[in-house]
Structures are given as C-alpha cells and as structure tokens.
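Only one structure is covered here, and it is reproduced in the block below.
The values are calculated or read from the model by the stated rules, or taken from the named source; none is laboratory data. Since the structure is predicted, the reported quantities are computational estimates derived from the model, not experimental observations. Every residue, glycine among them, receives a Cβ derived from its backbone with ideal geometry; neighbour counts consider all protein chains shown. For the accessible areas, the whole protein counts, side chains as well, though only heavy atoms, and no ligand, DNA or RNA atoms are used. Shrake-Rupley method; radii C 1.70, N 1.55, O 1.52, S 1.80 Å.
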Amino acid sequence: MSLLDKLDAVAAARKALLPEGLEVFGTPIEEVYSATEARIGDRRILFLGTNNYLGLTFAPECLRAAHEAIDREGTGTTGSRMANGSYSSHRALEREFAEFYHCQSGIVFTTGYQANLAMISGLAGAGDVVLIDGDSHASVYDGCRLSGAEIIRFRHNDVSDMEKRLKRLGERSKSTLIVAEGIYSMLGDQAPLAEIVRVKNAYNSILLLDEAHSLGVLGKTGQGLAEETGLTDGVDFITGTFSKSLGSIGGYCVSNHPQLDQLRYISRPYIFTASPSPSTIASTRAALKLLRDGTELRRQLWQNSRQLYARLDGLGYQLGPQPGPVIANILDSPQQALLLWKGLLDHGIYVNLILPPAAPEGKALVRCSVSAAHTSEQIDHVGDVFAELRKSIFQ
Amino acid sequence: MSTDYNNILSRLCFHLKQLSSPDVVIVPETDLINELAIDSVKLLNLVMEIEDEFDISVSLNALADIQTVHELANLIYKIKSQNK
C-alpha cells in the first residue's frame, strides 16, 4: 500500500463510520461569546466539552495581561529558548510554578503534550523501563516511544497489577519511571495515588504524575491530586498543562530533584521548538494567581459537576466511576454515541465524541466537561436534554 | 520448537478464539490484524491476559513487530525463556 493509499483507507474508514456532512471532529466554531457559549453554524450553543474547568478564558485579568504582553514583547518569540534566549516572563512563570508547588524548580514547555514528551523522553532512555497506566494520554505513550525505553502497561488504576509488573522487573525497577494521571481525561477518575506512591517507594522507582485535568480542580490551592491527597513530596515529577484550568496553551513540570534543570539540555521537545508567545505566558501567569486563590471557583465547579453527574446517573446513563468535572457517558457502540452527540448538538449543547480506539475498552464515549462558569440553570437544561434523548438512544 | 512453545501456542489460540468469530480457523500463520480483525486495543488487552497466565511482562516495543499468531507465541516463548 502506498503512502497516499493509507490515507485513502483512513478516509474510507471515517466515511463508513460517520454520516455525510456531519463534522464530528474539529467541529467548526464560528464565534466564541464567553467561556460557556459560542456559535456553531447559525446556532448558539452551550460549551460542555472545553476542559475550561475554571472558566478563565475571558477573565479580565488574563485578557489585560495578554494585551499588555503583546504591546510590550510582541506576538511571538520566533524560536527556542536554547537558541533565541529566555524571556524574563518565561523565567518568572517557571519560578511561580515552583513556588506554587513549593518545589525547587520548574520548567515551562510550549504545550502540555510536549511537557510529557519532554519529561518522559528526557528521564528514560534505552535500557530503562517506563511503566504506564493503560488509560494514559497519547502524550504519555508518545513520550515513551520517543524515549527508546521499554514500555510496559498496567491495568487502569490497578496498583496490584502495577506492583506485579515491578516485581517481575527485579533490579530494573530502580531504573523504572512510573507514569500516572491525577484525573484521567477520558473517564474522569482519579489515580489511587497513596497506593502508587507506597509501591514506587518500595521498589525505588521514580514517579511522574500528570495533573493536566486535576490542576485547578483538586487540592486546597488547586495544585491537583498530589495536594488533595497530601502526597506532593511522594511524587518525583509533576507535569501539567495551561490549556485547561489556566485557559491558554503550554505545559510545565515541577520537581524537588535538582536534576530537573538538566532536562533543558537533553530533552528534544524542549530544545527544538519555539517557546510560548509572550501573551500566552502573561495570561497564564494571571490565571495561575486566580487558580491559586480560586477556592470559590473550585466550590462552584464541584457543585456543577456533582449536579450533572447525579442527574445523568439518575437517568440511567452509564458513567465513569466517580463524579468530577470530566463526566463520561459510556455507550456500547459508536452509532449510539454518535446519535447522542448529534442529539445534544441539535439541542444546542456541544460535547466531545470519543470513538474506538481512543475510548477505553473498545467502548464509545460522549464526554462532558463541566466548568465553574456554568450556571445551575445551564446544568439543569443539559440534564433535561439528556433525559429527552435517552428514549431515542436506547430504544 | 519445544513443548513449551506448543503449550504457549495452544493457550494463545484459546485466548484468540474468545475474540474471534466461531468459524475462524486459527493457525500459526494467521495474521492477527488482517485475518482476525484484532485491533490495537483488543491486542493490548489480550496481551495482559497472557502476561498473567505466563507471569511475564511483554513490552509495547516488542509488540510493534508482531503480525502473526506464531510471532506472538514466539515472543512469549522467548520472554519466558529469558526469565528462567
């Protein structure tokens, strides 16, 4: 099969699965009105699939900081920090992340995806092992591949399965990087961190925790699952993203290991890419302050999340295992999921459609992400629409 | 090939049978993806079952080159032999 034939096969597979004229992936959004509302085609829609957990994308402090940064430093850095130099604002954000986590140092990356790519491929290499949860994000899998290390999966959130694999490794467990996520992006469940830390200590391994979906959501000051469980000191490296609770784009890693800084000199996803634009850094710095002081935002977020989870659960939808801002409706077939996704969109609600193989266990997901910016009335409306659609989906 | 290999092959065919339609005949040359329509997720889940059964860990790196039932059985055999 030629290179282009392969792409034709992908197109054919998509066409077989998705109805003609329905742009399920990369749905065109014409206008964005607020953190929770936009226009798709000629319809005003409610965003329920943005990962905008704290609703900060239109926070006046963030908008102002971004505008000022553009005026002061221009629209872009036009190159990597290694080659083009390191702006004071980038260095300041790294210090602020380190202070936020009470850690020795921090590194900022251009995207959250690159943060995992950079950290995993920088920490592990040929001859090492990376032990990952089966439901890990693609950035974790891709970071593993880039590292050249041996990649071993354990069953999702199953610490005894993880331990079994560490035990099999014998002495090699000492050169093993374990990767887990604070909140898993697809099902919205949390890692059993206390057990993971206990086992990683017993086998002298290193633990990287990705707080991409838990930053701003969990913990008193919003650090994530490590803070929520009081286990920040038990985690070796914490990564995360700016593109969810912080409302911009970028990634970070913090650690108390002094070796973290050396990653700047060996990690290709850090070295060979342009650094984030000044406006991105500036809005992220403003958002980080709001996130840290965002107790009320987190309270509202959790109230909204519990309200929707309870309503959908009561309606009989099969949901992810625990309430949280990521609420996954698990459906048996892609056709069912597509029907629900389309029904919601027809009622002015935009959510995420996840089809196999991206959905765990071969299922299909209609994934909602709740925001602190949603009103109780909006959540009620979403529940009403799910109730109305239920009969036609499961008939 | 030794009895160990034959035992592995037999157990592997048993697991694969659970994932395939009843009329499919599984032989060592059977292509996992093209003939059994085992997608990447199913294959990874199958590997976890096999790992438990043989008390081994199979890395994702090693799976990348696997096409046929024989190649998978041979990989498991090699890992088991190394662990002895």
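For chain B, the helices (runs of 4 or more DSSP H) that sit wholly inside it and include 1 or more residues that are touching a residue at least 40 places away in the same chain (Cβ under 8 Å) and aliphatic (A, V, I, L, M) are B:3-19, B:69-83.
Residues are listed down the side, and each one gets a yes or a no for (1) aromatic (Phe, Trp, Tyr); (2) at pLDDT 95 or above:
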{"residue": "A:Glu23", "(1), (2)": "no, no"}
{"residue": "A:Phe47", "(1), (2)": "yes, yes"}
{"residue": "A:Thr75", "(1), (2)": "no, yes"}
{"residue": "A:Ser80", "(1), (2)": "no, yes"}
{"residue": "A:Ser89", "(1), (2)": "no, yes"}
{"residue": "A:Phe97", "(1), (2)": "yes, yes"}
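Name the residue that is farthest from the other protein chains (Cβ to nearest Cβ), counting only residues in the range B:21-38 that are surrounded by 14 or more Cβ atoms within 10 Å (Cβ to Cβ) and not hydrophobic (A, V, I, L, M, F, W, C). Among residues in the range B:21-38 that are surrounded by 14 or more Cβ atoms within 10 Å (Cβ to Cβ) and not hydrophobic (A, V, I, L, M, F, W, C), the one farthest from the other protein chains (Cβ to nearest Cβ) is B:Pro28. For the range A:347-362: of the residues being out of contact with any helix residue (DSSP H, G or I) (no Cβ under 7 Å at 6 or more places or on another chain) and at pLDDT 95 or above, which is farthest from the other protein chains (Cβ to nearest Cβ)? The residue in question is A:Gly348. The helices (runs of 4 or more DSSP H) found entirely in the range A:83-179 that carry 3 or more residues being over 22 Å from the mean Cα position of the chain (by Cα) are A:88-100, A:159-169.
Quick check on this structure: which one of B:Glu51, B:Glu29, B:Glu35 is over 29 Å from A:Lys164 (Cα atoms), modelled with pLDDT of 90 or more and of a type in the set (D, E, K, R)?
Of B:Glu51, B:Glu29, B:Glu35, the one residue that is over 29 Å from A:Lys164 (Cα atoms), modelled with pLDDT of 90 or more and of a type in the set (D, E, K, R) is B:Glu29.
Contact map, the range A:165-193: first residue within 14 Å of another protein chain (Cβ to nearest Cβ) and within 27 Å of A:Glu227 (Cβ to Cβ), second residue part of a helix (DSSP H, G or I) and open to solvent by 40 Å² or more (accessible area, probe 1.4 Å), Cβ cut-off under 7 Å, separation 6 or more or different chains; pairs are A:Leu177/A:Leu123. Looking across the range A:240-256 at every residue that is open to solvent by less than 10 Å² (accessible area, probe 1.4 Å) and in a loop (DSSP other than H, G, I, E, B), the one that is nearest to A:Leu215 (Cα to Cα) is identified as A:Ser245. Look at the range A:64-76: where a residue is of a type in the set (D, E, K, R) and a partner is surrounded by 14 or more Cβ atoms within 10 Å (Cβ to Cβ), sitting 6+ places away or on another chain with Cβ atoms under 8 Å, you get A:Arg64/A:Ala286; A:Glu68/A:Ala282; A:Arg72/A:Pro278; A:Glu73/A:Tyr87; A:Glu73/A:Ser89; A:Glu73/A:Pro278.
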